[in-house]
Amino acid sequence: VTIKVIGHQWYWSYEYSDYSDINGNCVNFDSYMVSDDDLQLGQVRLLDVDNRVVVPANTHVRALVTATDVIHSWAIPSLGIKMDACPGRLNQVSMFIKREGVFYGQCSEICGIQHGFMPIAIQAVSIEDYVKWIAVQAECKDWFTNKVKLLQK
C-alpha cells in the first residue's frame, strides 16, 4: 500500500494512488484538526482530525512525504516515524503496524503560526475493513450515477 502525504499550511492531504474511482481519479482527501467546538465525546483535543488515514494492520505500508509551501515534518512517535516534508522533494518512509488502533502524531517542524494545529491520526484496521473502506472511498464520488450509466450501455 502506498500513501502520498502532502503537508500544507496548516493541514495534511493524503493520496492513495494504488486505487482510483471509475473516472481514474486516485482516492484522496484533506485532513484538518477537529476544532474544540466540534469535538465529540471520546475525541482527543488537538490530536483528532476530520479524516483519519486508514491503513491495514499487518501489511507493509509506504508513505511518500512532501509539502507544497514550507518544510513540515510528518511525525507519529508511537510508530517511530518522523519524516520531513520538503517542497520539491519526495521522501519515503515505511511502516508495518502490528495491531489495530489509532495512532496520533503532529507536525514537528515549526512551519508557521498554526504549526501546533497540524495533527495526524492513523487508524490501523483489519484487512477486511480496509478493503471495505477503500471500496467506499473509490466509489463514493458519483457512484450511483456511474452505475446507472454502466447499466444503460
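The values are calculated or read from the model by the stated rules, or taken from the named source; none is laboratory data. Since the structure is predicted, the reported quantities are computational estimates derived from the model, not experimental observations. When we count neighbours, we look across all protein chains shown, and the Cβ atoms used for this are built from the backbone with ideal geometry, even at glycine. These accessible areas exclude ligands, DNA and RNA; they are computed on the full protein's heavy atoms, side chains included. Shrake-Rupley method; radii C 1.70, N 1.55, O 1.52, S 1.80 Å.
Take Arg45 and decide whether it is charged (D, E, K, R) and touching a residue at least 12 places away in the same chain (Cβ under 8 Å). Judged against the criteria, Arg45 is not a match.
Which residues, taken from the range 14-27, are out of contact with any Cys (no Cβ under 7 Å at 6 or more places or on another chain), free of Cβ contacts under 8 Å to residues at least 24 places away in the same chain and not charged (D, E, K, R)? Hits for the range 14-27 are Gly24, Cys26.
Here Val93 fits the description: modelled with pLDDT of 95 or more and either touching a Lys or Arg at 6+ places or on another chain (Cβ under 9 Å) or closer than 19 Å to Lys132 by Cβ (or both).
All of (1) free of Cβ contacts under 8 Å to residues at least 40 places away in the same chain; (2) surrounded by fewer than 17 Cβ atoms within 10 Å (Cβ to Cβ); (3) farther than 20 Å from Gln137 by Cβ hold for Asp50 with one exception: (3).
Yes/no per residue for (1) under 18 Å from Ile134 (Cα atoms); (2) in a strand (DSSP E or B); (3) open to solvent by less than 30 Å² (accessible area, probe 1.4 Å); (4) of a type in the set (A, V, I, L, M, F, W, C):
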{"position": "Glu15", "(1), (2), (3), (4)": "yes, yes, no, no"}
{"position": "Gly24", "(1), (2), (3), (4)": "yes, no, no, no"}
{"position": "Asp30", "(1), (2), (3), (4)": "yes, yes, no, no"}
{"position": "Asp37", "(1), (2), (3), (4)": "no, no, no, no"}
{"position": "Leu46", "(1), (2), (3), (4)": "no, no, no, yes"}
{"position": "Val55", "(1), (2), (3), (4)": "yes, yes, yes, yes"}
{"position": "Asp69", "(1), (2), (3), (4)": "no, no, no, no"}
{"position": "Ile110", "(1), (2), (3), (4)": "no, no, no, yes"}
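The residues in the range 110-126 that are farther than 12 Å from Ser73 by Cα and modelled with pLDDT under 95 can be counted, and the count is 4.
Could you list, in sequence order, all residues of the range 77-89 that are within 15 Å of Trp12 (Cα to Cα) and either open to solvent by 80 Å² or more (accessible area, probe 1.4 Å) or assigned to a helix (DSSP H, G or I) (or both)?
First, the residues of the range 77-89 that are within 15 Å of Trp12 (Cα to Cα): 82-87.
Result: Lys82, single match.
The residues on offer are Val93, Val65, Val70, and the sole one that is without any contact (Cβ under 8 Å) to a residue 40 or more places away in the chain, in contact with a strand residue (DSSP E or B) (Cβ under 9 Å, 6 or more places away or on another chain) and aliphatic (A, V, I, L, M) is Val93.
Ile113: among the hydrophobic types (A, V, I, L, M, F, W, C) and under 17 Å from Tyr11 (Cβ atoms), yes or no? Taking the combined requirement at face value, the residue satisfies it.
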